[in-house]
Amino acid sequence: MSNQTADAAFDALGEPVRRRILELLRDGPTPVGKLAERLPVGRPAVSKHLRVLSGAGLIEHRSVGTRNLYALAPGGLAAVQQWLVHTWDVALDAYAAEVARVASADQEVRP
């Protein structure tokens, strides 16, 4: 996954209503009307948020008869997870290097 993919996901997740939509979709595929009932915005706004989430690869859409169902995309958060893991690994490596440096400096100062 590219940084561009992670950036798109983070941009999409920056909006509280979109994060709430992902939380609602944890329960399984849901039609837009059911989502709108549980959100503080109207159906047209929900549809716009769904387009952004879909464009970021976080959700999928499928039609079943006359209903449009939305669901979490398998692997949709993988780029975000990879970015977080990499960032945390870099931070931990830097911390370990600093601890080792300080420990080495302490041993040099002691007689």
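The values are calculated or read from the model by the stated rules, or taken from the named source; none is laboratory data. Keep in mind that what you see is a predicted model, and the values were worked out from it rather than measured. When we count neighbours, we look across all protein chains shown, and the Cβ atoms used for this are built from the backbone with ideal geometry, even at glycine. Surface areas here come from the heavy atoms of the whole protein model, side chains and all, with no ligands, DNA or RNA. Shrake-Rupley method; radii C 1.70, N 1.55, O 1.52, S 1.80 Å.
Assorted remarks:
- Nonpolar atom fraction for the chain, defined as the carbon and sulfur part of the 1.4 Å probe accessible area, stands at 55 percent.
- Relative contact order (%) - the chain, alpha-carbon pairs under 8 angstrom, separation at least six: 29 percent
- Of the trypsin sites (Lys or Arg not before Pro) found in segment 1-44, the ones in coil according to DSSP and having at most 14 other Cβ atoms within 10 Å of their Cβ are Arg26, Arg38.
- Annotation: peptides 96-107, 59-70, ranked by per-residue average of other Cβ atoms within 10 Å with the highest first, follow the order 59-70, 96-107.
- Across all directions, the shadow cast by the convex hull of segment 31-83 built on its C-alpha atoms averages 4.1 square nanometres.
- For a modelled paramagnetic label at Glu60, 7 Å from Cα along Cα-to-Cβ, the residues of segment 73-87 in reach, with backbone nitrogen under 17 Å, are 73-79.
- Unit charges on C-beta of K, R, D, E only; dipole of the chain, Debye: 860 debye
- Dipole-positive endmost among Ala9, Gly76, Ser54 within the chain (Cβ charges, Cα centre): Ser54
- For segment 1-41, taking the reciprocal of the average inverse distance between every pair of different Cα atoms yields a Kirkwood hydrodynamic radius of 11.3 Å.
- Annotation for Lys34 and Arg51: the two label points, set 7 Å from Cα along the Cα-Cβ direction, are 2.4 nm apart.
- Within segment 60-97, backbone nitrogen closer than 19 Å to the virtual label 7 Å beyond the Cα of Glu108 toward Cβ: 95-97
- Overall form of segment 21-111 per C-alpha gyration tensor (a/c, 1.5; a/b vs b/c): prolate
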